[in-house]
Amino acid sequence: MIILENVHKSFGSLKVLKGVNLTVHEGEVVSLIGASGSGKSTLLYCINGLEKIDSGRVTVDGTDVHAKGTDINKLRQKLGTVFQQWNSFPHLTALENVALAPRVVSKLDKAAAREVAAAQLERVGLKDKFDHYPSQMSGGQQQRLAIARALAMKPDYMLFDEATSALDPELVTEVLDTMRMLASDGMTMIVVTHEMSFARDVSDRVAFFKQGVLAEIGPAREVMESPKDPDLQRFLSSSTR
Amino acid sequence: MDYQFQWRPVIQALPQLLEASLVTLQVSVLSMGLGLLMGLVLYFIRKSPILPLRAFATTWIEVARNTPSLFQIFIFYWGLGEFGIFLSPYVSVVAALSFNCAGYMAETYRGGFAAVPKGQNMAARTLGMTAWQSLRYVELPQVLRAIYHPMTNQFTWIILASSLGMLAGLRELSGETQYFNSRTFRTFEFFMAAAVIYYVITKIALLVLKAIGWNLFKAERAAK
Ligand SMILES: Nc1ncnc2c1ncn2[C@@H]1O[C@H](COP(=O)(O)OP(=O)(O)OP(=O)(O)O)[C@@H](O)[C@H]1O
Ligand SMILES: [Mg+2]
């Protein structure tokens with residue numbers, strides 16, 4: 001379970017998070033939607049500790065992410081993160097990309113790490129790309145590679161930060177399909193997305209992020225089809241996808 | 001022009017010249033290796049939040065890059081003597097050349113690290129890697145790729161600059177050449193021969209580095 005309690009975060013004088021509360025249960029898929037630059041990425045980064053918080057509390061399975069004594073590297077193994085810019089490691093093959101963390105973080109031996117990597121690459125449909133370098137793969141394939149890389153650490157949660165926004169339109173589907181598959185496998189996911197159909201059809205709940213807080217949150221259909229917040233109404237009618 | 005070429009003394013001295021070439025090569029490889037390591041450390045401490053550390057690194061880099069290499073060798077060989085530190089010619093030349101190389105490499109590293117997108121570190125850290133693991137397995141290999149070409153140039157430069165070592169009494173290739181020159185007065189022949197040996201060493205070094213790069217940067221080749 002991931003719990004955010006009254007989380008505040010600013011960059012200098014810019015207040016980005018102004019008291020965010022959110023509880024994500026096991027097996028749940030929560031989509032975060034909201035205007036560009038509103039702080040959705042920052043919110044995700046406060047969960048995996050890439051950003052520090054000013055006040056409040058973030059706990060993952062009872063562990064305080066921002067507490068002094070927390071082993072953040074260990075905690076992050078529970079939290080797979082997929083970025084908008086997929087950040088594949090360009091000097092490594094697909095298989096090496098996925099096997100790296102199991103080898104150096106989980107200390108698996110080479111053969112075991114490769115086995116884990118192969119299984120996850122197969123899972124995201126990259127069975128025939130093991131020995132390809134990222135430069136030889138499409139954006140969609142690289143993003144699925146990034147998903148496989150995160151999955152190889154056997155995370156309990158997956159955080160997606162606009163995983164499809166940097167992709168050419170024709171490559172979006174394959175990545176969304178992979179995310180759908182994860183959702184149906186029961187993965188707990190927090191998904192920052194501009195894909196309104198994904199938010200509506202795949203997530204259990206949708207949260208609308210506005211001016212530093214979650215202005216509206218509820219069951220996906222309810223939020224998407226009968227939004228109460230006037231800004232959300234406007235946001236949804238202006239979103240094409 | 002009635003200068004008579006006489007190559008016999010050169011041929012007789014060839015074993016010694018080749019042996020001295022090994023000293024040249026040794027000094028160069030050692031200085032390059034140390035320079036690469038110290039340059040990396042300099043790059044990091046120049047970004048340190050601690051002002052004295054930062055000032056130390058900046059001074060080093062500035063002095064290394066903006067004063068003659070010969071002076072740098074003299075400082076290590078003669079200059080330190082003033083403070084009661086006496087280094088052998090070998091040690092002072094290696095120290096001076098590494099000092100110099102580190103200064104240049106610190107700058108080169110800066111460009112190399114700038115070429116690695118921030119997302120690489122973020123991705124590595126979210127996988128649970130420590131800062132060190134991210135550096136070691138994700139960032140440095142990419143930095144190495146970016147600095148590889150300037151680094152090979154630097155290495156060529158070091159091989160040639162090591163000839164200044166003769167002025168600190170080091171019997172590397174130039175020192176040895178000068179020694180035979182002073183005994184035989186076949187100046188042209190000896191320095192001609194030494195020049196050819198330098199040329200060959202440099203070319204071989206470049207070939208070896210190229211082969212290493214070819215093995216190291218497979219991703220690069222695959223992309224083509
Ligand atoms: N490291 C930083 N330093 C200073 N300001 C930052 C930093 N990171 C983000 N910001 C600012 O914080 C605000 C929120 O940024 P964030 O990236 O979280 O928004 P977002 O909702 O993810 O936007 P987008 O939809 O464009 O990805 C923005 O105004 C951004 O400029
Ligand atoms: Mg963002």
Test residue B:211 against the stated conditions and say whether it is in a helix (DSSP H, G or I), modelled with pLDDT of 95 or more, open to solvent by 30 Å² or more (accessible area, probe 1.4 Å) and not aromatic (Phe, Trp, Tyr).
yes
Of the residues that sit in the range A:5-58 and are in a loop (DSSP other than H, G, I, E, B) and among the polar types (S, T, N, Q), which one is farthest from ligand 1 (Cβ to nearest atom)?
A:48
Residue in the range A:206-235 that is nearest to ligand 2 (Cβ to nearest atom), counting only those that are touching a helix residue (DSSP H, G or I) at 6+ places or on another chain (Cβ under 6 Å) and assigned to a strand (DSSP E or B):
A:209
Can you work out which of the residues in the range A:33-48 that are of a type in the set (A, V, I, L, M, F, W, C) and more than 10 Å from ligand 2 (Cβ to nearest atom) is surrounded by the fewest Cβ atoms within 10 Å (Cβ to Cβ)?
A:35
Test result for residue B:5, modelled with pLDDT under 95 and either surrounded by 13 or more Cβ atoms within 10 Å (Cβ to Cβ) or hydrophobic (A, V, I, L, M, F, W, C) (or both):
yes
Within the range A:183-193, restricting to residues that are open to solvent by less than 70 Å² (accessible area, probe 1.4 Å) and in a loop (DSSP other than H, G, I, E, B), the one that is nearest to residue A:32 (Cα to Cα) is A:193
When only residues in the range A:75-117 that are surrounded by 24 or more Cβ atoms within 10 Å (Cβ to Cβ), in a helix (DSSP H, G or I) and in contact with a Phe, Trp or Tyr (Cβ under 7 Å, 6 or more places away or on another chain) count, which is farthest from the other protein chains (Cβ to nearest Cβ)?
A:94
Show the residue pairs that are 6+ apart or on different chains and have beta-carbon atoms under 6 Å apart, the first residue being within the range A:28-43 and away from chain B (no Cβ under 14 Å) and in contact (Cβ under 8 Å) with a residue 24 or more places away in the chain, the second being near ligand 2 (Cβ under 9 Å from one of its atoms) and open to solvent by less than 20 Å² (accessible area, probe 1.4 Å).
A:32/A:40; A:32/A:192; A:34/A:40; A:40/A:192
Qualifying positions in the range A:161-173 - more than 12 Å from every other protein chain (Cβ to nearest Cβ) and open to solvent by less than 50 Å² (accessible area, probe 1.4 Å):
A:162, A:163, A:164, A:165, A:167, A:171, A:172
Could you list all residues from the range B:123-132 that are surrounded by fewer than 19 Cβ atoms within 10 Å (Cβ to Cβ) and in a helix (DSSP H, G or I)?
B:131, B:132
With respect to residue A:4, determine if the residue is touching a strand residue (DSSP E or B) at 6+ places or on another chain (Cβ under 7 Å) and either facing chain B (nearest Cβ under 10 Å) or within 16 Å of ligand 2 (Cβ to nearest atom) (or both).
no
Might you check whether a residue that is within 13 Å of chain B (Cβ to nearest Cβ), without any contact (Cβ under 8 Å) to a residue 60 or more places away in the chain, crowded, with 16+ Cβ neighbours inside 10 Å and assigned to a helix (DSSP H, G or I) occurs anywhere in the range A:63-74?
yes
Scan of the range A:123-138 for residues that are under 17 Å from residue B:219 (Cα atoms) and open to solvent by less than 50 Å² (accessible area, probe 1.4 Å), ordered by number
A:129, A:133, A:134, A:137, A:138
Residue under question is residue A:120, and the condition is that it be away from every other protein chain (no Cβ under 12 Å), open to solvent by 10 Å² or more (accessible area, probe 1.4 Å) and at pLDDT 95 or above; does it hold?
yes
List, please: which pairs have Cβ atoms under 7 Å, are six or more places apart or on different chains, and start with a residue in the range B:26-52 that is within 11 Å of residue B:107 (Cα to Cα) and end with one that is open to solvent by 40 Å² or more (accessible area, probe 1.4 Å) and assigned to a helix (DSSP H, G or I)?
B:42/B:60; B:43/B:110; B:46/B:54; B:46/B:58
Out of curiosity, is residue B:136 assigned to a helix (DSSP H, G or I) and either surrounded by 22 or more Cβ atoms within 10 Å (Cβ to Cβ) or basic (Lys, Arg) (or both)?
yes
Are there any pairs, at least 6 apart or on different chains, whose C-beta atoms fall under 7 Å, with the first in the range A:191-205 and within 14 Å of chain B (Cβ to nearest Cβ) and on the phi < 0 side of the Ramachandran plot and the second in a strand (DSSP E or B) and within 16 Å of ligand 1 (Cβ to nearest atom), and if so, which?
none
From the list B:86, B:71, which residue is loosely packed, with under 15 Cβ neighbours inside 10 Å and either touching a residue at least 60 places away in the same chain (Cβ under 8 Å) or not in a helix (DSSP H, G or I) (or both)?
B:86
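The values are calculated or read from the model by the stated rules, or taken from the named source; none is laboratory data. These figures come from a predicted structure and were not determined experimentally. In this analysis, Cβ positions are derived from the backbone assuming ideal geometry, glycine residues included, and neighbour counts consider all displayed protein chains. Note: accessible area is taken over every heavy atom of the protein model, side chains too, but ligands, DNA and RNA are not part of it. Shrake-Rupley method; radii C 1.70, N 1.55, O 1.52, S 1.80 Å.
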